[in-house]
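Input: a single structure, listed below in structure tokens.
The values are calculated or read from the model by the stated rules, or taken from the named source; none is laboratory data. Here the structure is a predicted model, which means the values were calculated and not measured. When we count neighbours, we look across all protein chains shown, and the Cβ atoms used for this are built from the backbone with ideal geometry, even at glycine. Remember, those area values only see protein heavy atoms, side chains included, never the ligands or the DNA or RNA. Shrake-Rupley method; radii C 1.70, N 1.55, O 1.52, S 1.80 Å.
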Amino acid sequence: MSIGHTLLGLLESGPRHGYDLKRAFDEHFGHDRPLHYGQVYSTMSRLLKNGLVEVDGVEAGAGPERKRYAITDAGVTDVAQWLARPEKPEPYLQSTLYTKVVLALLTERDAAELLDTQRTEHLRLMRGLTERKRKGDLADQLICDHALFHLEADLRWLELTAARLDKLAAVIAR
């Protein structure tokens, strides 16, 4: 996820302080990984340097001054271009799971046990995501669906690989 573009997009509704940006980010996108304040301020500093935001005001308080940031026209254009650009699909052509299976076979370890252990872990995570989806709002449901679909694809791969272990072992042994 592009933190900079996400913060810029949040600024399109109006100027905000760094604290407000962090809170909005966490509310909409940070369920699993809330944004750190340092990340907000370092990103805003970079966006300011690049002319994508400007300081809309500074307020004195009990602590350090609070800057209010506003998106610039260049920032709006940057967000629009980012939103229009499709994300590169990740085909996982060289996955860690595949590497582990091959190494297990090469080192004469039990690749079937490795696959069973991984399947158990995937199912555990899927149960947790399904529960979160059941209790969550629409945003949680969509996020969980995305993760669940990827995990289902992984499970299909685990089953297929388990069924082909003997063939893979023969190919590797050559």
Run through all the Cα pairs of the chain and give the fraction in each 5 Å bin from 0, expressed as whole percent.
1, 7, 12, 13, 12, 11, 10, 9, 8, 7, 5, 3, 1, 1, 0
Summing -39500 (n - 2.57) over every DSSP H run of at least 4 in the chain, dividing by its residue total and rounding to the nearest 500, the 222 nm mean residue ellipticity is -21500 deg cm²/dmol
With the Cα gyration tensor of the range 1-82 in hand, give its eigenvalues times 5 under a square root as the equivalent ellipsoid semi-axes, listed largest first in whole angstrom.
18, 17, 10
Against the rule of thumb 2.2 N^0.38 Å, how large the Cα Rg of the range 1-45 comes out
1.00
At a 1.4 Å probe radius, which order do ASP73, ASP78, ASP116 fall into by accessible area, largest first?
ASP73, ASP116, ASP78
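Past 31 Å, Cα to Cα, is the threshold; run LYS22/LYS135; LYS22/LYS133; LYS49/LYS88; LYS22/LYS88; LYS67/LYS88; LYS67/LYS133 against it and keep the listed order. Display every interim value, and only then the final one.
Numbers: LYS22/LYS135 24 Å; LYS22/LYS133 24 Å; LYS49/LYS88 28 Å; LYS22/LYS88 27 Å; LYS67/LYS88 35 Å; LYS67/LYS133 37 Å.
Going by Cα-Cα distance, LYS67/LYS88; LYS67/LYS133 fall outside the 31 Å limit.
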Along the charge dipole of the chain, pointing to its positive end and built from +1/-1 on Cβ of Lys, Arg, Asp and Glu, which listed residue (ALA139, THR43, GLY128) has its Cα farthest out?
GLY128
Helix 73-84 axis, angle to the chain major axis (alpha carbon atoms, nearest 10°):
20 degrees
Semi-axes of the range 96-166's equivalent ellipsoid from the Cα gyration tensor, sqrt of 5 times each eigenvalue, largest first, rounded to whole Å?
30, 10, 9
Helix 18-28 versus the longest principal axis of the chain: what angle, 0 to 90°, nearest 10, using Cα atoms?
40 degrees
